[in-house]
């Protein structure tokens, strides 16, 4: 649209303007009739013609009022339709927000579990360096097995969260959960290389 193009007026604006213009002409003609002299045949003819014009204009004004009322009704119907659409969208927003909050809580819990596992792995590495006796190595083997199982469990929880987030189309959360799962699996696999230390290797 160029700068010279005038936007099309809405039906409501056009109807209101038409009524307003009609009212101005009606009022002007009415005032003219009230001030018109009535002292001659010519005066009387002019007044009669003005009176007929006023009667015609009165019919036109009634039609324009009807048009304006119709335009207002259409605007009201449009507004109600938009209000309903907004209400439905607000409900959808509330529902999506609750789903997102739940996913974030689950992801936060996973992050906490991963952090705890990281601390336990560091403690395990320290204990492994300090282990000297067969009894200590046997105890480490039990700890190692528990760590491996817990890492698998948390990795599975991360995969479940990834799937849940993907189904709800929260792809950022899904990617974050998958990244955490990959990190856990990588750490578990690296620890798996230590398993021979507890099997006489």
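Quick look at the values:
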read-out: Relative contact order of the chain, pairs being alpha-carbon contacts under 8 Å that are 6 or more residues apart, as %; value: 17 percent
read-out: Computed over segment 11-88: relative contact order in percent, which uses C-alpha pairs under 8 Å that are six or more apart; value: 46 percent
read-out: Calculated over segment 11-88: convex hull of Cα atoms, volume per residue (Å³); value: 65 Å³
read-out: Largest-first principal axis extents of the Cα set of segment 92-198 (Å); value: 62, 18, 15
read-out: FRET efficiency for residue 160 and residue 74, using Cβ-Cβ distance with R0 set to 45 Å, rounded to 0.05; value: 0.30
read-out: Å³ per residue enclosed by the Cα convex hull of the chain; value: 194 Å³
read-out: Label-point separation in nm, residue 49 to residue 104, each point 7 Å along Cα→Cβ; value: 7.8 nm
read-out: Size descriptor, Kirkwood hydrodynamic radius, that averages inverse alpha-carbon separations across segment 45-137, Å; value: 21.5 Å
read-out: Helix-only [θ]222 nm of the chain, DSSP H runs n ≥ 4, -39500 (n - 2.57) each, per residue, nearest 500; value: -31500 deg cm²/dmol
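Values quoted throughout were computed directly from the atomic coordinates according to the rules given, and no laboratory measurement underlies them. Not measured: the values here are computed from a predicted model. Every residue, glycine among them, receives a Cβ derived from its backbone with ideal geometry; neighbour counts consider all protein chains shown.
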